[in-house]
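Notes follow the structure.
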Amino acid sequence: MKKVFTLILALAFGFGLKAQCPLTTAVDFTATDCHGTEIHLFDILDGGQAVLIDFFYTTCGPCQQATPKIAESYTIMGCNMHDVYYMEITPYDANAACQNWVNNYGIEYPTIGTTGGGAAIINQYQIGAFPTVILIMPDRSIVIQDLWPISNAQTIVNALGQHGVMPHDCNTPSYNPQVSITIDQVLETEVTATFTPNEDCASYGYMLATEAEIQESMGIAGLDLPEYLWTYGMPGSGVISNTFGDLTPNTEYNIYAVPADIDGNLGEVVIEPVTTTPGGGDDIMPDFTATDIEGNEIHLYDILDAGQAVLINFFLTGDPFSEQPMQDVVEAYRLYGCNTHDVFFMEISPNGHDDACQAWADQFGVQYPTISRDGGGNDIAQAIPVGYYPTIMLIRPDHTFANRDIYPPSLEQIVNAMNAEGYEQHECPTTGELVMSNDTVYIVNEGCYIVPGEITITNMNFEAIQILEYTSDEFTIQCHEGDDPYYGNDIAGLFIAPSDSLHVYVSAYGMEENGLYLGTMRLITSIGNYEITIVYEQTVGVEESHPNHCSLYPNPANDFVTLKSENLGMVRIFNVLGQKVDEFEANGSEFCINTTSYENGIYFVKTGEQTLRFVVKH
């Protein structure tokens with residue numbers, strides 16, 4: 001037999017099993033190996049290494065036969081220091097079992113067990129048979145979905161070689177020096193840029209020149225670009241911010257940098273184009289189409305042509321000067337109608353990527369569009385061009401500049417600029433909406449204590465909303481906010497500010513017999529009432545009256561969930577509303593349930609008088 005299938009019974013019920021990973025593109029994960037080291041898949045791939053993953057478990061016979069061959073190939077391929085990075089993942093074994101396995105087979109690469117998140121990763125990659133060995137390339141494509149049979153270590157070496165992954169000596173470390181360039185400021189005759197090397201970059205050479213200048217200089221020196229930059233460029237190490245001066249206005253330049261490792265080996269040249277400002281400029285704002293951090297497409301001229309003026313705040317993430325006026329800009333947004341009247345607000349960053357700009361928007365409570373470098377922010381800033389940060393521009397509906405730079409950037413100056421154009425202040429519309437993270441909470445009474453459910457309530461209104469009261473006809477309930485689910489503040493009387501969220505623990509009491517009960521909690525607020533379903537499970541005395549322990553895994557489930565007990569009998573599946581979803585007659589002590597057709601959410605398995613909860617997450 002080729003492999004051990006973990007769900008033999010599934011065949012009897014017609015459930016399809018995958019003898020290989022069905023994915024063609026990698027899914028990211030962060031896990032911890034049995035030695036406590038954190039493994040982040042995409043960090044490894046982004047560092048330029050391919051990743052080989054051996055999905056196994058310790059009692060699997062074919063896994064035991066394949067592992068010594070995989071471990072031998074690990075040494076041939078360079079011990080995770082060169083083209084490929086090895087790891088192995090088990091869905092069933094905790095750290096102690098994994099450490100025994102590592103010691104028995106001399107495994108030197110990371111082993112991730114259930115303690116470190118192995119079961120969830122197996123579920124993500126839909127692995128149905130063991131061992132399954134896959135190869136992921138740095139571009140995140142899965143080029144080997146199942147390497148089998150593994151006759152010897154050379155089988156693996158040959159398979160990897162077909163994808164350009166070559167053997168290396170374990171004793172020789174491999175470096176990948178890189179340096180990034182960030183444009184900080186562009187003026188008529190000056191450009192400021194920051195150079196940031198990675199950990200493999202010991203030093204670098206950099207310069208600014210036009211394309212014609214660099215080509216002429218390379219020809220005179222008789223050197224190619226990397227050698228020329230290294231020989232004649234300014235030397236750098238660590239993070240450096242440099243201002244290039246004495247430049248020509250309205251001229252296209254390139255900033256060049258070449259990194260070198262500790263042995264002096266040169267890496268790939270980085271080129272960042274930049275155009276100095278013209279020092280006056282046209283009266284017409286250039287058009288642009290960009291994507292904000294929420295994924296919405298922003299077309300400037302569409303907004304202007306619809307009759308609204310546009311105010312744009314150009315800022316740099318991490319810059320204290322850009323942070324200073326943010327409270328005033330956000331206040332002005334609200335004073336002028338929250339983008340629903342005369343003026344449409346947006347902000348653009350040439351240096352911050354989506355994650356940094358999202359953190360910025362969260363920090364300052366920004367509700368208007370934020371366009372990051374990923375969404376085109378740097379291209380827009382250079383096309384205008386913008387020379388200082390922050391720069392707040394006001395553009396009229398006829399595409400002309402009403403104000404190229406509202407300075408100093410303050411609420412008073414913004415209001416003055418609006419008044420000069422005749423734009424009036426307006427009330428923001430009231431959405432009257434609270435958003436619940438989920439409309440159902442699951443609560444367990446385990447006798448000695450209540451395990452509360454959790455819900456997050458977010459205020460999508462433009463005004464603060466007060467929680468007035470919460471009631472239930474079926475249960476006695478308590479709702480607490482804060483980090484402590486038992487002793488936090490009662491939420492009745494609390495206010496939720498605009499765009500803020502309230503994390504709530506919900507506890508219920510009142511049932512005396514074991515079983516599953518449904519009820520409703522009414523949340524009464526200053527803008528209306530909301531209903532939340534409560535699923536309440538009483539489990540007092542279950543273990544005493546039912547010593548034959550019932551278990552199910554994996555949880556959360558994707559394609560299947562396996563139920564185990566000594567005598568299963570009739571198995572019924574219910575959703576959170578108490579509606580029966582499936583019913584089976586199970587013979588024996590193990591039964592596999594196909595969950596591919598189940599919607600994402602909470603479900604309950606009842607067998608005999610026992611009830612277990614599981615989550616489906618596709």
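Hey, among 179, 186, 165, which residue is surrounded by 15 or more Cβ atoms within 10 Å (Cβ to Cβ) and under 19 Å from residue 235 (Cβ atoms)? Of 179, 186, 165, the one residue that is surrounded by 15 or more Cβ atoms within 10 Å (Cβ to Cβ) and under 19 Å from residue 235 (Cβ atoms) is 179. Can you find a residue that is among the hydroxyl-bearing types (Ser, Thr, Tyr) and under 30 Å from residue 271 (Cβ atoms) anywhere in the range 131-150? Within the range 131-150 (the criterion being among the hydroxyl-bearing types (Ser, Thr, Tyr) and under 30 Å from residue 271 (Cβ atoms)), the answer is yes, since at least one residue qualifies. Scanning the range 464-483 for residues that are outside any strand (DSSP E or B) and over 28 Å from residue 611 (Cβ atoms) returns 464, 482, 483. Residues of the range 453-467 include none that is on the phi > 0 side of the Ramachandran plot and not assigned by TED's automatic domain parsing to the domain that holds residue 334.
Checking each residue in the range 599-615 for being in contact with a His (Cβ under 9 Å, 6 or more places away or on another chain) and modelled with pLDDT under 80 picks out 608, 609, 610. Residues of the range 106-148 that are among the hydroxyl-bearing types (Ser, Thr, Tyr) and touching a residue at least 40 places away in the same chain (Cβ under 8 Å): 111, 115, 125, 132, 141.
Looking only at residues in the range 298-351 that are of a type in the set (S, T, N, Q) and out of contact with any Phe, Trp or Tyr (no Cβ under 8 Å at 6 or more places or on another chain), which one is surrounded by the most Cβ atoms within 10 Å (Cβ to Cβ)?
Pass one, the range 298-351, residues of a type in the set (S, T, N, Q): 308, 313, 317, 322, 324, 327, 339-340, 349, 351.
Still in the running and out of contact with any Phe, Trp or Tyr (no Cβ under 8 Å at 6 or more places or on another chain): 324, 340, 351.
Details: 324: 13, 340: 13, 351: 22.
My answer is 351.
Here residue 416 clears all of (1) closer than 25 Å to residue 287 by Cα; (2) among the polar types (S, T, N, Q); (3) exposed (fewer than 15 other Cβ atoms within 10 Å of the Cβ) except the condition numbered (1). In the range 421-438, the count of residues that are buried (at least 17 other Cβ atoms within 10 Å of the Cβ) and over 30 Å from residue 307 (Cβ atoms) is one or more. One residue stands out in the range 385-413 among those that are hydrophobic (A, V, I, L, M, F, W, C) and surrounded by fewer than 17 Cβ atoms within 10 Å (Cβ to Cβ): the one that is modelled with the lowest pLDDT, namely 401.
Yes/no per residue for (1) without any contact (Cβ under 8 Å) to a residue 40 or more places away in the chain; (2) assigned to a strand (DSSP E or B):
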site	(1), (2)
216	yes, no
219	yes, no
223	yes, no
230	yes, no
235	yes, yes
238	no, no
241	no, yes
256	no, yes
277	no, no
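Does at least one position in the range 208-225 carry a residue that is under 12 Å from residue 193 (Cβ atoms) and either small (Gly, Ala, Ser) or modelled with pLDDT of 95 or more (or both)? Yes. Considering 415, 386, 366, 444, the condition of being within 19 Å of residue 277 (Cβ to Cβ), touching a residue at least 24 places away in the same chain (Cβ under 8 Å) and hydrophobic (A, V, I, L, M, F, W, C) is satisfied by 386 alone.
Condition (residue is at pLDDT 85 or above, farther than 16 Å from residue 610 by Cα and surrounded by fewer than 17 Cβ atoms within 10 Å (Cβ to Cβ)) applied to the range 507-517: is it met by at least one residue? Yes; the residues of the range 507-517 include at least one that is at pLDDT 85 or above, farther than 16 Å from residue 610 by Cα and surrounded by fewer than 17 Cβ atoms within 10 Å (Cβ to Cβ). Being touching a Lys or Arg at 6+ places or on another chain (Cβ under 9 Å), of a type in the set (S, T, N, Q), surrounded by 22 or more Cβ atoms within 10 Å (Cβ to Cβ) and in contact (Cβ under 8 Å) with a residue 24 or more places away in the chain is a description that does not apply to residue 372.
So for the range 373-392 (the condition being closer than 16 Å to residue 315 by Cα, in contact with a His (Cβ under 8 Å, 6 or more places away or on another chain) and not acidic (Asp, Glu)), does at least one residue qualify?
First pass over the range 373-392, keeping only residues closer than 16 Å to residue 315 by Cα: 373-392.
Pick out the ones that are also in contact with a His (Cβ under 8 Å, 6 or more places away or on another chain) and you get 373-374.
After this cut, where a residue has to be not acidic (Asp, Glu) as well, the list is 373.
Among the residues of the range 373-392, at least one is closer than 16 Å to residue 315 by Cα, in contact with a His (Cβ under 8 Å, 6 or more places away or on another chain) and not acidic (Asp, Glu), which makes the answer yes.
Only one of the numbered conditions (1) more than 16 Å from residue 52 (Cα to Cα); (2) at pLDDT 95 or above; (3) surrounded by fewer than 17 Cβ atoms within 10 Å (Cβ to Cβ) is violated by residue 157, and that is (1).
Counting only strands (runs of 3 or more DSSP E) that sit completely within the range 366-454, those holding 1 or more residues that are in contact with a Gly (Cβ under 7 Å, 6 or more places away or on another chain) and of a type outside the set (Phe, Trp, Tyr) correspond to 440-445. Scanning the range 576-597 for residues being touching a residue at least 40 places away in the same chain (Cβ under 8 Å), surrounded by 13 or more Cβ atoms within 10 Å (Cβ to Cβ) and closer than 20 Å to residue 441 by Cβ gives a total of 1.
For the range 338-363, taking the residues that are among the charged types (D, E, K, R) and assigned to a helix (DSSP H, G or I), the one that is nearest to the chain's Cα centre (by Cα) is identified as 355.
Inside the range 193-221, residues that are of a type in the set (Ser, Thr, Tyr) and under 31 Å from the mean Cα position of the chain (by Cα) make up a count of 2.
The values are calculated or read from the model by the stated rules, or taken from the named source; none is laboratory data. All values reported here derive from a predicted model rather than from experimental measurement. Don't worry about glycine lacking a Cβ; one is built from the backbone with ideal geometry, like all the others, and counts go over all protein chains shown.
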